[in-house]
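Since the structure comes first, as structure tokens, the remarks are kept for the end.
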């Protein structure tokens, strides 16, 4: 299986492990480049019998993925174009009724026969953090990682599965705290809340995840499939109806106020590297 044509990501295959590195400067935005490539990868790897584990990581030490493209709020055509490109990247994989492209990807990543592991060293906000929640497991670097859902401070809500996936991971009360509060969560609090499996010293993260992935990849595929299937009987996938409710709520809050706020935030430095290093301060100052 070839993955060399997927823009914005690098895919390395070794010993049953596919390591997918997000490499889409300057911020690894979940935009019209990265979304189609990630969905295209998921579509192809599903049938790649040589892959038993998938690791998602970033080439950028500061950002796993900053968030979705702010153009989705300021340009009516931006999300449409990204969605169309992501649909084209996975021919024959329809988007369920009522779901947007990010929600569909959540369903598709979770349903992979392979085990998926996210390695977090850097900021992952908004759609970037939502993508992390699609994975089977997450490991974060102490002192290096930061995760948040800042959408409420942008006048909207997490619309890529965040409002339905996060409560499954951390519980209702903590999900409301993180989604409404828009707080940036470091690795150790993320571990305590259940947002990640473990907080790991930054210089040990690569070795820990790689060793785990290799151990799992050494199992028989039938064993991996049986374990995932059995676990899913007590932790079943989120029903499409829940995603549809989230998607409907997202579009219900769009309007001129959101557009004006997004333009102010962009003018203040959002979606620049400097601004994204201090995003919460900028958003809370609006």
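The values are calculated or read from the model by the stated rules, or taken from the named source; none is laboratory data. The model shown is predicted, which means the values in this text are computed figures rather than measured ones. Note: ideal-geometry Cβ built from the backbone for every residue, glycine included; neighbour counts use all protein chains shown.
Applying the selection to the stretch 1-54, what residues are touching a residue at least 60 places away in the same chain (Cβ under 8 Å), within 28 Å of residue 273 (Cβ to Cβ) and surrounded by fewer than 14 Cβ atoms within 10 Å (Cβ to Cβ)?
26
Which pairs turn up if I take residues in the stretch 145-172 that are without any contact (Cβ under 8 Å) to a residue 24 or more places away in the chain and look for partners that are surrounded by fewer than 24 Cβ atoms within 10 Å (Cβ to Cβ) with beta carbon separation below 6 Å, at least 6 apart in sequence or on another chain?
167/175
Going residue by residue through the stretch 271-279, is there one that turns out to be buried (at least 16 other Cβ atoms within 10 Å of the Cβ) and without any contact (Cβ under 8 Å) to a residue 24 or more places away in the chain? Lay out the reasoning, then the answer.
Taking the stretch 271-279 first, the residues buried (at least 16 other Cβ atoms within 10 Å of the Cβ) are 271, 275-276, 279.
Narrowing further to those that are without any contact (Cβ under 8 Å) to a residue 24 or more places away in the chain: 275.
For the stretch 271-279, residues buried (at least 16 other Cβ atoms within 10 Å of the Cβ) and without any contact (Cβ under 8 Å) to a residue 24 or more places away in the chain: present.
Can you find, within the stretch 103-118, the residue that is surrounded by the fewest Cβ atoms within 10 Å (Cβ to Cβ) among those that are within 11 Å of the chain's Cα centre (by Cα) and at pLDDT 95 or above? Give the derivation first.
So in the stretch 103-118, the residues within 11 Å of the chain's Cα centre (by Cα) come out as 103, 105-106, 109, 118.
Retained after the next criterion (residues that are at pLDDT 95 or above): 103, 109, 118.
Details: 103: 28, 109: 25, 118: 27.
Here the residue is 109.
Test residue 86 against the stated conditions and say whether it is more than 22 Å from residue 136 (Cβ to Cβ), touching a residue at least 40 places away in the same chain (Cβ under 8 Å) and not in a loop (DSSP other than H, G, I, E, B).
no
Quick check: is even one residue across the stretch 231-246 closer than 19 Å to residue 128 by Cα, at pLDDT 95 or above and touching a helix residue (DSSP H, G or I) at 6+ places or on another chain (Cβ under 7 Å)?
yes
Residues in the stretch 53-68 that are out of contact with any helix residue (DSSP H, G or I) (no Cβ under 6 Å at 6 or more places or on another chain) and not in a strand (DSSP E or B): how many?
4
Can you confirm whether residue 219 is under 26 Å from residue 137 (Cα atoms), in contact (Cβ under 8 Å) with a residue 12 or more places away in the chain and touching a helix residue (DSSP H, G or I) at 6+ places or on another chain (Cβ under 7 Å)?
no
Matching residues to (1) in contact with a helix residue (DSSP H, G or I) (Cβ under 7 Å, 6 or more places away or on another chain); (2) assigned to a loop (DSSP other than H, G, I, E, B); (3) at pLDDT 95 or above; (4) closer than 21 Å to residue 91 by Cβ:
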position: 11; (1), (2), (3), (4): yes, no, yes, yes
position: 18; (1), (2), (3), (4): yes, no, yes, yes
position: 21; (1), (2), (3), (4): no, no, yes, no
position: 24; (1), (2), (3), (4): yes, yes, yes, no
position: 37; (1), (2), (3), (4): no, no, yes, yes
position: 40; (1), (2), (3), (4): no, no, yes, yes
position: 43; (1), (2), (3), (4): no, no, yes, yes
position: 48; (1), (2), (3), (4): no, yes, yes, yes
position: 51; (1), (2), (3), (4): yes, yes, yes, yes
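How many residues are under 17 Å from residue 37 (Cα atoms) and touching a helix residue (DSSP H, G or I) at 6+ places or on another chain (Cβ under 9 Å) when one looks only at the stretch 119-128?
Selection size over the stretch 119-128: 1.
Tell me yes or no: at least one residue of the stretch 185-205 is crowded, with 19+ Cβ neighbours inside 10 Å, out of contact with any strand residue (DSSP E or B) (no Cβ under 7 Å at 6 or more places or on another chain), in a helix (DSSP H, G or I) and in contact (Cβ under 8 Å) with a residue 24 or more places away in the chain.
For the stretch 185-205, residues crowded, with 19+ Cβ neighbours inside 10 Å, out of contact with any strand residue (DSSP E or B) (no Cβ under 7 Å at 6 or more places or on another chain), in a helix (DSSP H, G or I) and in contact (Cβ under 8 Å) with a residue 24 or more places away in the chain: absent.
Can you tell me which residue in the stretch 267-286 is nearest to residue 107 (Cα to Cα), limited to those that are in contact with a helix residue (DSSP H, G or I) (Cβ under 7 Å, 6 or more places away or on another chain) and outside any loop (DSSP other than H, G, I, E, B)? Lay out the reasoning, then the answer.
Step one: list which residues in the stretch 267-286 are in contact with a helix residue (DSSP H, G or I) (Cβ under 7 Å, 6 or more places away or on another chain), which gives 268-270, 275, 282-284, 286.
Next cut, outside any loop (DSSP other than H, G, I, E, B) only: 275, 282-284.
Details: 275: 32, 282: 33, 283: 30, 284: 32 Å.
Selected residue: 283.
What's the number of the condition residue 138 fails, among (1) at pLDDT below 95; (2) buried (at least 24 other Cβ atoms within 10 Å of the Cβ)?
It fails just one condition, (1).
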